Amino acid sequence: MLESGSGAGLALLAHEAAHAAQYQRLGTAAFLLAYLREYLSGRSRGLSHRQAYREISFEREARRVERTARRLLEAGALLRGNVD
């Protein structure tokens, strides 16, 4: 469970917002088909579940957004002097 308003929680929300933008950009059916196609392609190439999931382009994009959000949140905390 993530603490409400925590940096980790906000970064996760950014990750999920990236998925919402993907849905909006492609439409639900196209997004789901492309997501599943990429996952199954990875599995057919012998990747484990975790590896196939991590290789999905939508997940890579969402992780980039999450990392960016985390860096921005950390930079903001540094600027405010709110670092342990």
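Each reported figure results from applying straightforward, stated rules to the coordinates on display, with no laboratory input. Just so it is clear, the model here is predicted, and its values are computed rather than measured.
Evaluating 6.51 cos²θ - 1.76 cosθ + 1.60 at θ = phi - 60° for every residue in the stretch 51-58, the Karplus couplings come out as 5, 4, 4, 5, 7, 5, 4, 5 Hz, glycine and proline recorded as x. Scalar couplings 3J(HN,Hα) for the stretch 60-66, obtained by applying the Karplus form with A = 6.51, B = -1.76, C = 1.60 to θ = phi - 60°, are 4, 4, 5, 5, 4, 4, 4 Hz; x denotes Gly and Pro.
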